[in-house]
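Each reported figure results from applying straightforward, stated rules to the coordinates on display, with no laboratory input. Source: prediction; values computed, not measured. Cβ atoms come from the backbone with ideal geometry, glycine included; neighbour counts cover every protein chain shown.
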Amino acid sequence: MALVLKRSLGRDRVVTDASRLAAWGGDKWFASQAPDLVLIPQDAEEVAEALRLANEYQVPVTPRGAGYGYVGGCVPARGGMVITTERMNSILEIHPQNFIAIVQPGVITGDLQRRVEAKKLFYPPDPASLKNCSIGGNIATNAGGPRCLKYGVTRNYILGLQVALMDGTLVRLGGCTHKNKAGFDLVSLFVGSEGLLGIITESILKLLPLPPAQAVISAGFISMKAAATAVQSIFSAGFLPSAVEVADAFTLKAARQTDHIKNIPTGNAYILIEVDGQITSVRSEMRAIVRLLRSKGARNIATAATPVECDALWDIRRGFSFALRDTGLTKLNEDIVVPRGRLVDLVHLATRLQKSSGFPIACFGHAGDGNIHVNIMAANYLLPEVSSQVQTVLNELFEQVLAWGGSITGEHGIGLAKLPWWPQAISAESHALHQAIKTAVDPQGLLNPGKFV
């Protein structure tokens, strides 16, 4: 297969050196498997030709973006070929009048945001790894981030796609218009498909006008219950912030023990709120929310209204994950989602699991949409007995989240990490439908094999 690809596409596109292959064998999760070869295409046609040949020779193919996933989604579980889109990293067009951008899949999310903001445009999706993750990976996982509360997830900003199918067909879906009801919504079918249905080679992204102003408010609370009450009161008062973030006592303790995070409010819980819009309305909302927070017992309220000041408050929130890693414990980040009204129940569940298991559990994340990162902090995780105990905790966590009508993943996807709980996460009928769609576009099961279908 490698020789065929070298003859067809060029030797510089194909990597077979065993000493280099491991670099494309995993993401930020624990599993890794070196592929048999790596293809580094330059354009959509090369991706399509590689898939056609892989289909002919029955070679498993694992698509790969920037490798910043957290569930092993791009691990080549059955070897074969990895197709990485890292060289397909061009922003092809930005149309201010049409409010769209056309990009290749290897474009880094943060780079795109900076480019469109220079034109007074706005691409809202903001995963935590935006400085490193790619648009193609964001689409494959339907990535989220703090701004999901007001602006939605990646799916809400995909107007069109070009996708390479397993048989080598290149198909264009959707288009440049902000409304399009011609046929099935095939664009959404591929968003969040985790590389199981095709490889994204180009995307048409919806842009918004850039809000001229933003403000950020942070505050401490005596407990997570008090913080959750304050969050609910913000919504009850008719406010829709662009982000509402929360953190629990263990997360704050870890943050206070590191030298990298400054000015953390006192208390056992923390919330950060961002509002954006026109200057006058943003300032008015900021003052009103501050008054509301004070009435709910907020401590050490801090406000910011300039980009530099806002970034300084966001740096507190962005530092939580690093602070937890600095504890020396292995951080197992679970991106579960619960109905908004279950936030306090989730914290109580985490406290109970912490007591029963002995593992510290840190909760922080997107309070506004119920997507909370529950982090099990384990020493010596790679020891079989420890990983087995962690699995027991995860069983209890996911079982209760599903019983509440929640989801085992809101951002990261299923990948390999959540594969054991996939049968519980959906009904048998839904699983059969997934399988039917997979079989229709990849009858030999060669695309990202070993994953959830």
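Assuming R0 = 56 Å, what is the FRET efficiency of R20 and L292, from their Cβ-Cβ distance, to the nearest 0.05?
Once rounded, the FRET efficiency stands at 0.50.
Can you give the convex hull volume of the alpha carbon atoms of the range 130-171 per residue, in Å³?
So the per-residue hull volume is 78 Å³.
With unit charges on the beta carbons (Lys and Arg positive, Asp and Glu negative) and the dipole taken about the Cα centre of the chain, which residue among F452, V337, G174 sits farthest to the positive side?
V337
Suppose the chain between K120 and L210 were pulled fully straight at 0.36 nm per residue; how much longer would it get relative to their current alpha carbon spacing?
Result: 31.9 nm gained on full extension.
For the chain, what is the Kirkwood hydrodynamic radius in Å, using each pair of distinct C-alpha atoms?
23.0
What are the chymotrypsin sites (Phe, Trp or Tyr not before Pro) within the range 137-246 that DSSP puts in a loop, where the Cβ has at most 10 other Cβ atoms within 10 Å?
Loop-located and lightly packed - F184.
Give the cross-link partners of K150 among the lysines, using a straight C-alpha distance below 18 Å as the criterion and excluding same-chain residues fewer than 8 apart.
K206
Express the relative contact order of the range 328-425 as a whole percentage, based on alpha carbon pairs under 8 Å and six or more residues apart in sequence.
Over the range 328-425, the number comes to 36 percent.
What residues have an amide H closer than 5 Å to that of S242, excluding those fewer than 5 places away on the same chain, when H is modeled at 1.01 Å from N in the peptide plane?
Under 5 Å from the amide H of S242: E274, V275, D276.
Please list, by residue number, everything in the range 58-76 whose backbone N is under 11 Å from a paramagnetic label point 7 Å out along Cα→Cβ of V4.
58-60
P(r) of the range 142-217 in 5 Å steps, Cα pairs, percent per bin?
3, 14, 22, 22, 16, 9, 6, 4, 2, 1, 0
Just how many % of Cα pairs in the range 268-393 lie over 22 Å apart, if you round to the nearest whole percent?
It works out to 49 percent of all Cα pairs.
Given all pairs of different Cα atoms, what value in angstroms does the Kirkwood hydrodynamic radius of the range 91-209 take?
14.1
Starting from a Cα-only point model with no solvent, please compute log10 I(q)/I(0) by Debye for the range 247-341 at q = 0.12, 0.19, 0.20 1/Å.
The calculated log intensity ratios at q = 0.12, 0.19, 0.20 Å⁻¹ are -0.47, -1.05, -1.12.
Once you charge only the Cβ atoms, +1 for Lys and Arg and -1 for Asp and Glu, what is the size of the charge dipole of the range 317-440 about its Cα centre, to the nearest 20 debye?
260
Ranked from highest to lowest mean number of other Cβ atoms within 10 Å per residue, what is the order of the peptides 131-144, 282-295?
131-144, 282-295
What's the whole-number percent of alpha carbon pairs in the range 2-84 lying beyond 14 angstrom?
Result: 58 percent of Cα pairs exceed 14 Å.
As a test of the formula, what do you get for the chain when each DSSP H run with n ≥ 4 contributes -39,500 (n - 2.57) and the sum is divided by the residue count, at 222 nm and rounded to the nearest 500 deg cm²/dmol?
Estimated from H runs of four or more residues: -10500 deg cm²/dmol.
Between E385 and D311, take the C-beta separation as r, use R0 = 56 Å, and let me know the FRET efficiency to the nearest 0.05.
Calculated transfer efficiency: 0.85.
Filter the cross-link list K28/K331; K355/K418; K225/K262 down to pairs whose alpha-carbon distance in this structure exceeds 20 Å.
Pairs exceeding 20 Å: K355/K418; K225/K262.
Find the relative contact order for the chain and round it to a whole percent, using C-alpha pairs within less than 8 Å whose residues are 6+ positions apart.
Value for the chain: 16 percent.
Between A182 and E93, what's the calculated FRET efficiency when r is the beta-carbon distance and R0 is 25 Å? Round to 0.05.
My answer for the efficiency is 0.70.
Pairwise over distinct Cα atoms, reciprocal of the mean inverse distance: report the Kirkwood radius of the range 362-432 in Å, one decimal place.
This gives a value of 13.5 Å.
If we count every other residue with Cβ under 14 angstrom of P35's Cβ, Lys/Arg +1 and Asp/Glu -1, where does the sum land?
Here the count lands on 0.
Using packing as a proxy for protection, rank 61-71, 322-332 so that the peptide with the highest average count of other Cβ atoms within 10 Å comes first.
61-71, 322-332
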